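> One structure, pasted below without further comment.
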């Protein structure tokens, strides 16, 4: 499974390089949505954006997402005093099928997953940066040549280094981590 995943990511990134040279235009999106299947089993708000370039079938984008209350816990008496956020920055390969003004697509990518956890007032904040992957799909519907809407669903998952003593990990040293969540978003898309 691990070799298949790493091979897919590598081929996706290689395929994205020539795709940007054959682009039919730039693409920018802003979105809002929810993250679900979180460690605390509650839906949380997420917002962000993406910028990239698309060709007839293949494209590439840089996606940023921010969930400011990802780790917030509440009980019957109000907040328990814990909160925290998750930020993601991912480079993604887009493979789409242009069907006139409708463009369904699949996406896979890799990048940074940054989590910040604030536990009560007397503990130090816990910050963590993980290498992660995401995969999913969506659809873009354009009302004009330049403006449309976009719906998207992806799973984000951290990768763990099995050899913690290795200062320079190799791609084969990583396995799927336990930190994962789904993100569903909707927003505006602009072609330029």
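The values are calculated or read from the model by the stated rules, or taken from the named source; none is laboratory data. Since the model is a prediction, treat every value here as computed from it, not as a measurement. Cβ atoms come from the backbone with ideal geometry, glycine included; neighbour counts cover every protein chain shown.
> (1) within 14 Å of residue 108 (Cα to Cα); (2) at pLDDT below 75; (3) outside any helix (DSSP H, G or I): which one isn't true of residue 5, the others all being true?
Among (1) within 14 Å of residue 108 (Cα to Cα); (2) at pLDDT below 75; (3) outside any helix (DSSP H, G or I), the lone unmet condition for residue 5 is (3).
> Here is a further query. From 66, 105, 135, grab the single residue that is modelled with pLDDT of 95 or more, touching a strand residue (DSSP E or B) at 6+ places or on another chain (Cβ under 9 Å) and farther than 20 Å from residue 28 by Cβ.
Just one listed residue meets the conditions, 135.
> While we're here: For segment 46-70, which residues satisfy the criterion of being surrounded by fewer than 18 Cβ atoms within 10 Å (Cβ to Cβ) and either over 11 Å from residue 185 (Cβ atoms) or more than 14 Å from the chain's Cα centre (by Cα) (or both)?
Answer for segment 46-70, where residues must be surrounded by fewer than 18 Cβ atoms within 10 Å (Cβ to Cβ) and either over 11 Å from residue 185 (Cβ atoms) or more than 14 Å from the chain's Cα centre (by Cα) (or both): 51, 56, 57, 62, 64, 66, 68, 69.
> Then there's this: Scanning segment 142-158 for residues that are touching a residue at least 40 places away in the same chain (Cβ under 8 Å) and surrounded by 15 or more Cβ atoms within 10 Å (Cβ to Cβ), which turns out farthest from residue 46 (Cα to Cα)?
Filtering first and then ranking leaves 142.
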